[in-house]
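Engineer: I'd like to ask some things about the structure below.
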């Protein structure tokens, strides 16, 4: 096996490689002044199984193109099988058409992967599990929810509530609740999203009992923080106390970290599916490592 890393998350790639007992294969990304990139594979990959790890959020257009072109380079060098490990899958939130004239961008990314020559995909906590149906190649959507549950559980009292900040996350929150050993109904914060405005939403109502309880808000990705912050305010109005947040993918906007630190959030847990910049770290934030989770899945299929 040859294990390649894109430029999006080298620290995670190095941890996964160490877990697998391999070194990162030799490759280079050349960048031209007009913005074009050219990956160069500097290994003999003929008849080899090649794994490439690349998250595709934060800078999705650049990271996706880097991944597609690297896959093409591996295919042209006669790699036997190419496995794409995409811990954070960019464009996954555009998985359906909300308004006339919109693309289904997630489907386009899937088509590009298949056309480029990928044989199998591993990803983590897709925005919507049903998106796996877009693939005509094997796709494994592993979950980081048990890791996040293990991280937050020592902070929780015996009585707590699991909250999803929107109606679409109920099933994911239910799985998270099971990881915490809870059998209580999921509390839903009804959300109204502004379809014509990016990253803007409004909490409408809290459906479920949270009075006097610690609560854990669970979501797959956070950008502006508006959904989570609105949910925190709505839950506090209903009498909740000690609010924890567990999110798989961090995609912070420039002011998100400061807003979260200044809020009445107690503590937040995210994974290292992407690199969180130093200036986005804040005292209430803890980062959970998913390298072993990815390593175990890669071992199953190579």
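Engineer: With contacts defined as alpha carbon pairs under 8 Å and 6 or more residues apart, what's the relative contact order of the stretch 75-170 in percent?
Structural biologist: Here the relative contact order equals 25 percent.
Engineer: I'd like the distance separating the alpha-carbon centroids of the stretch 126-197 and the stretch 231-291, in whole Å.
Structural biologist: That distance is 15 Å.
Engineer: Then there's this: Could you give the angle, 0 to 90 degrees to the nearest 10, between helix 105-116's Cα long axis and the longest principal axis of the Cα atoms of the chain?
Structural biologist: Its long axis makes an angle of about 20 degrees.
Engineer: Over the stretch 1-61, what relative contact order in percent results from Cα pairs under 8 Å that are six or more residues apart?
Structural biologist: Taking the mean separation of contacting Cα pairs over the length of the stretch 1-61, I get 45 percent.
Engineer: Quick check on the stretch 145-272: of the DSSP beta bridges with both residues there, what percent are antiparallel, nearest 5%?
Structural biologist: So the antiparallel bridges amount to about 25 percent of the total.
Engineer: For a footprinting-style exposure proxy, rank 24, 74 by other Cβ within 10 Å, fewest first. Write down the numbers at each step before the final one.
Structural biologist: Numbers: 24 16, 74 27.
The most exposed by this proxy come first: 24, 74.
Engineer: Counting alpha carbon pairs within less than 8 Å and at least 6 residues apart, what relative contact order, in whole percent, applies to the stretch 58-128?
Structural biologist: 42
Engineer: On to the next question. Which of these values of semi-axes √(5λ) of the Cα gyration tensor in Å was calculated from the structure shown: (1) 34, 24, 18; (2) 29, 25, 18; (3) 36, 20, 18?
Structural biologist: (3)
Engineer: Just want the ordering: 115, 190, from fewest to most Cβ atoms lying within 10 Å of their own Cβ.
Structural biologist: Result, fewest neighbours first: 115, 190.
Engineer: Ranked highest first by the average count of other Cβ atoms within 10 Å around their residues, in what order do 38-45, 153-160, 119-126 fall?
Structural biologist: Ranking the peptides 38-45, 153-160, 119-126 by packing returns 119-126, 38-45, 153-160.
Engineer: Using the alpha-carbon centroid of each, what span in Å lies between the stretch 99-121 and the stretch 10-41?
Structural biologist: Cα centroid of the stretch 99-121 versus Cα centroid of the stretch 10-41: 23 Å apart.
Engineer: Follow-up question, since we're still on this one. For the chain, find the longest principal axis of its Cα atoms and tell me its angle to the long axis of helix 226-237, 0 to 90°, nearest 10.
Structural biologist: Here the helix axis deviates by roughly 20 degrees.
Engineer: Tell me the angle of helix 10-20 to the major Cα principal axis of the chain, expressed in degrees between 0 and 90 and rounded to the nearest ten.
Structural biologist: Approximately 80 degrees, to the nearest 10.
Engineer: Quick one: Debye curve from the C-alpha atoms of the stretch 1-159, no solvent, what's log10 I(q)/I(0) at q = 0.10, 0.13, 0.15 Å⁻¹?
Structural biologist: Treating every Cα as an identical point scatterer, log10 I(q)/I(0) equals -0.40, -0.65, -0.84.
Engineer: Give me the distance in nm between label points sitting 7 Å out from Cα along the Cα-to-Cβ direction at residue 292 and residue 137, one decimal.
Structural biologist: 3.0
The numbers here are math on the coordinates, done by the rules we state, and not lab data. Computed from a predicted model, the values in this text were never measured in an experiment. Cβ atoms come from the backbone with ideal geometry, glycine included; neighbour counts cover every protein chain shown.
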